[in-house]
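Right, one structure below, let's go through it.
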Amino acid sequence: MDAVRLEPGVEWDFAVPGEGGPSGAAIIGYRDVGGSGLDLRVAGTAAITVVIGFGDSEVIVEDAVGRRALGGFVVGLPVEAMRVRSERAECVEVRLSPVRAYSLLGVAPSDFGRGAVALEDLWGGRARLLREQLAAGRTWDERFAVTKSFLAQCDRSMRTPDPEVLHGWDRIVASGGQVRIGAIAESVGWSRKRLGARFESQIGLTPKRAAMLVRFRSAVDGLVAGRAAADVAMECGYTDQAHLCRDVSIFADHTPGALRAHYLPPIARQRHRAWGEFFQYGAEPVGR
């Protein structure tokens, strides 16, 4: 893929693989060609995010844990905004459905906590070897092949959430977060209390919080597309615009208008386009 000039002096190389990654996962890559630097304010997303840096510049993460310089990191289903910076970012980024996180990463989503987890804490010496292999890649195709091979070696498909939890996640995703939690519990024959406990331990959030997050991400797509906040609120099932503003404040720490201004500089918009709608919107259920 050719480098993209986002504005004068801001040039990035974005790429997506010709073929998808493992089931329940998606991959993109990006390089700061122009040396303009990376400064992103990242809101919650309905996926586990893995950022693997392979250049000389570390990634500076500011989150609920504090400020750290990392070669790469993993983020669960955060409920707090975070800031990511780098002088010259070169990264492969992977997004995983939370129902596939345990099988591909070996860690339950509930164990990631409130902030980013360093790749070395997750994979040990294999993280350093992975970054070295990515740095040695001459093309994006080579880097994507390395990433897919690494994930395939990590995959332990027997590690999956309960079928009832998978069903609940699929219902939440398919409805855009607009399903009643009581209806999910009734459909699987569990009490709301049991569903909530198993869901939180295996997905990382309670069903109610997960539905809020999925609905918020649907709203972000509408706001990024330039639609009015009142229209987005109605389309995504919020009771009113004030309800939308409350959820945006929870997950992005801003109002809808400020989210456009502070969270979506040119690099963020290009990254959003590279991801497209990702697998959690309208795709086949990944939990089956």
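The values are calculated or read from the model by the stated rules, or taken from the named source; none is laboratory data. Here the structure is a predicted model, which means the values were calculated and not measured. Methodologically, a virtual Cβ is constructed for each residue, glycine included, from the backbone with ideal geometry; neighbour enumeration extends over all protein chains shown. Keep in mind that these areas ignore ligands, DNA and RNA; they rest on the heavy atoms of the full protein, side chains included. Shrake-Rupley method; radii C 1.70, N 1.55, O 1.52, S 1.80 Å.
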Taking H as built 1.01 Å from N, whose amide H comes closer than 5 Å to the amide H of R159, not counting residues under 5 places away? none
Add +1 for every Lys or Arg and -1 for every Asp or Glu among the other residues with Cβ under 14 Å from the Cβ of R68, and state the total. -1
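Within segment 19-76, list the GluC sites (Glu not before Pro) lying in a DSSP loop whose Cβ has at most 11 other Cβ atoms in a 10 Å radius.
Details: sites: E19, E58, E62; in loops: E19, E58.
Here the sparse-neighbourhood loop sites are E19.
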When the Karplus curve 6.51 cos²θ - 1.76 cosθ + 1.60 is applied with θ = phi - 60°, which whole-Hz ³J(HN,Hα) does each residue of segment 243-252 get, with x for Gly and Pro? 5, 4, 4, 5, 5, 4, 5, 5, 8, 10
What number comes out for the charge environment of R143, summing +1 per Lys or Arg and -1 per Asp or Glu over other residues with Cβ under 13 Å away? -2
So I have (i) 15.0; (ii) 14.2; (iii) 17.3, and one of them is mean projected area of the Cα convex hull in nm² calculated from this model. Which one is it? (ii)
³J(HN,Hα) computed for each position of segment 56-73 - Karplus, 6.51 cos²θ - 1.76 cosθ + 1.60, integer Hz, glycine/proline x: 7, 9, 6, 9, 9, 10, 10, 9, 5, 7, x, 10, 9, 9, 10, x, x, 7
Percent of accessible area on segment 203-255 owned by carbon and sulfur, 1.4 Å probe? 53
Per residue, how much accessible surface does the chain expose to a 1.4 Å probe? Answer in Å², no decimals. 45
Within segment 47-120, what whole-number % of the accessible surface is contributed by carbon and sulfur, with the 1.4 Å probe and all protein chains included in the calculation? 44
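Tell me, what % of the accessible area of segment 126-169 is carbon and sulfur with a 1.4 angstrom probe?
Numbers: 1240 of 2430 Å².
Result for segment 126-169: 51 percent of the exposed heavy-atom area is carbon or sulfur.
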